[in-house]
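The values are calculated or read from the model by the stated rules, or taken from the named source; none is laboratory data. For clarity, every value in this text was computed on a predicted model and none was experimentally measured. So basically every Cβ, Gly included, is an ideal-geometry build from the backbone, and we count neighbours across all protein chains shown.
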Amino acid sequence: MNAGTTGADDVLDLSAAGRRTRENLAGIPLKPYDLLREGAVVFAFVLVVVVVLSIVFKAPDYPTVNAQNVATQQPLAFVQSAAGILANDGEVSAVSGYGPPYDGDTSAAQHFGPINPAAWAKDIFGVTIPINPPQDLIIKPLRRAAVLDPALASALASYEAAPSAQQAAWLAAYRKAFASATVSGGTVMVPPGNYGPVPQLMDGMLSLGRSGLLEGALAADGNSYYPYNFDFTKALLFFAIASPYTDTASHLQQLGNPQWGIVHETGNYPGAWWLDVYQVWYEVPQIANSPNADLIVVTIMTVLFVVLLTLPFIPGLRRIPHGVKVYRLIWRSWYRDYAHEARRPQAIGH
């Protein structure tokens, strides 16, 4: 049932209703209202509109960029990323210096005043996803491939047997010479130098990437006893900072442009516009340029959500609807025709 602008013949029989209901609705005209039918009609209309708009204005669906794509189409970028991760270079590896949940160093964790969720989580739960980039993202996948490749197994054994200082020297020389690297017959060639077994390791990573098995080798590590694996953390971290994914995103309609964000799609298509209230805070220079931008925005949105959630209990704010009287505008026809009749029984009672 719903209040409406109906005549006396439309008034419903309330004899079966409770006493309190009859008292509250005395003098107010009512009419039958089929909520289910209206909901079904609205749902069908919205469904048709959404389907039609999706067909006409749908955004392009680009295929996922994976290690196989990068290793095949950008072998230099792939090898450069792998060498940087093996060297544990923070400019290449997303894990190095990140802090929880990958390691216990909270110095780079985002914080906002006394709010430091990363440090709190580390103190309570510890390091929940411990990752050593050189070992977990390079050495362990190579060990899997080395089972079927004796030459790679020999190179890997030589590298792991060398002192850490020697490993660092090999990697530094290889990465320095990589500026002059070329691709010949699908093989990455660097100028002659003392790189130890590093070139063979990089060739092994490139072959693993081209085979399409790198993501599987990264995801299966440590979980081989499960029939299925749904943790792709390491596979996503492999190119989290390195250039291949960034280059691909930039190629797709300048997605790397600072003016683009979560509310934009490729081309002229809208993205998650409903997140604009979240995205708009990143347009504030003082927030956007802060190393703690994400935590600041989350804190602001949390405060706004709490205010919205507790709005009915905040003195003064909850009286705003009574003051602005927007409801009288919405129900203006009822107030014009029946408000005086609804007041009459109350006046007699007083």
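The helices (runs of 4 or more DSSP H) found wholly in region 24-100 and carrying at least 1 residues that are surrounded by fewer than 17 Cβ atoms within 10 Å (Cβ to Cβ) and among the aromatic types (Phe, Trp, Tyr) occupy 35-57. Quick one: is Ala179 assigned by TED's automatic domain parsing to the domain that holds Ala71, more than 24 Å from Thr64 (Cα to Cα), in a helix (DSSP H, G or I) and modelled with pLDDT of 90 or more? So Ala179 fails the test.
Listed conditions (1) surrounded by 17 or more Cβ atoms within 10 Å (Cβ to Cβ); (2) at pLDDT below 85; (3) within 23 Å of the chain's Cα centre (by Cα) are all met by Ala108, apart from (1).
Scanning region 296-316 for residues that are in contact with a helix residue (DSSP H, G or I) (Cβ under 7 Å, 6 or more places away or on another chain) and within 20 Å of Pro117 (Cα to Cα) gives Ile296, Val297, Ile300, Met301. Restricting region 22-56 to residues that are among the small types (Gly, Ala, Ser) and in contact (Cβ under 8 Å) with a residue 40 or more places away in the chain leaves a set whose member that is farthest from His340 (Cα to Cα) is Ala26. Here's a check for you: in region 131-176, which residue that is among the acidic types (Asp, Glu) and assigned to a helix (DSSP H, G or I) is surrounded by the most Cβ atoms within 10 Å (Cβ to Cβ)? The residue in question is Asp136.
Restricting attention to region 113-130, the residues that are assigned to a loop (DSSP other than H, G, I, E, B), surrounded by 15 or more Cβ atoms within 10 Å (Cβ to Cβ) and under 21 Å from the mean Cα position of the chain (by Cα) total 1.
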